[in-house]
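The values are calculated or read from the model by the stated rules, or taken from the named source; none is laboratory data. Computed from a prediction, not measured in an experiment: that's the story for all the values here. Heads up, the Cβs are rebuilt from the backbone with ideal geometry, glycines too, and the neighbour counts pull from every protein chain shown. Remember, those area values only see protein heavy atoms, side chains included, never the ligands or the DNA or RNA. Shrake-Rupley method; radii C 1.70, N 1.55, O 1.52, S 1.80 Å.
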Amino acid sequence: MKESDATGWTRPAAAVVAMCAFALVLDGLDAQALGLAIPPLMLEWDLTRADFAPVAAVSLLGMAIGATFGGVVGDRIGRRAALICSIALFGLATGLATLSQGIGSFGALRAMGGLGLGATLPNASSLIAEFTPPRHRSIGMSIAM
């Protein structure tokens with residue numbers, strides 16, 4: 001029985017929920033960034049909106065793969081380590097995507113970022129479920145989501 005099972009909210013449990021909620025906010029922000037980036041990139045690279053359809057597709061495919069295998073990775077190496085790695089992956093890929101000089105490298109980096117984005121949700125939600133008291137678990141999940 002974890003400490004949070006016997007007692008109410010503890011500071012570590014609240015800190016985990018807050019940090020996971022922040023990770024999920026960053027995850028959502030990064031997922032929406034592509035829509036904001038496309039119009040200026042269309043002008044910069046002289047491309048049409050349709051040219052970015054494969055980029056959006058590989059980004060979503062990366063997210064699907066990351067979500068599918070992110071929980072398994074979390075079970076193997078630990079949820080905290082998997083969450084840190086997934087945040088680092090999508091942060092690094094997004095940062096490097098800002099330096100892209102063409103749609104090919106941009107798409108590849110968005111796909112890598114999608115892997116990290118997808119793996120964030122199962123690991124963050126598992127950590128929240130583990131660290132919140134059972135009677136407050138739904139509140140913890142609601143706050144984070």
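For the reader, a short list of remarks on this structure follows.
- Mean ellipticity per residue at 222 nm, deg cm²/dmol - from DSSP H runs of n ≥ 4 across the chain, formula -39500 (n - 2.57): -28500 deg cm²/dmol
- Full-extension gain in nm, Thr98 to Ile143, via 0.36 nm per residue minus C-alpha separation: 13.1 nm
- Whole-angstrom gap from the stretch 9-26 to the stretch 116-145, using each part's C-alpha centre: 8
- Apportionment of accessible area to carbon and sulfur, the chain, percent (1.4 Å): 70
- Taking all protein chains into account, the per residue accessible area for the chain stands at 56 Å² (1.4 Å probe).
- Its residue count N fixes a reference of 2.2 N^0.38 Å for the stretch 66-142, and the Cα radius of gyration divided by that reference is 1.28.
- Three-way shape call for the chain based on the alpha-carbon gyration tensor, with the a/c threshold at 1.5: prolate
- Sequence-separation-based contact order of the chain, relative, with Cα cut under 8 Å and 6+ spacing, percent: 40
- Modelled FRET efficiency - R0 30 Å, Ile38 with Ala18, Cβ distances, 0.05 increments: 0.40
- Under Karplus coefficients 6.51, -1.76 and 1.60, residue-wise ³J(HN,Hα) of the stretch 112-127 in Hz, glycine/proline x: 4, x, x, 4, x, 4, x, 6, 5, 4, x, 6, 5, 5, 5, 4
- Checking every one of the chymotrypsin sites (Phe, Trp or Tyr not before Pro) in the stretch 1-91 against DSSP loop status and a limit of 15 other Cβ atoms within 10 Å picks out Trp9.
- Coupling constants for the stretch 22-28 follow from the phi torsions by the Karplus curve (6.51 cos²θ - 1.76 cosθ + 1.60, θ = phi - 60°), and in residue order they are 5, 4, 5, 5, 4, 4, x Hz; glycine and proline get x.
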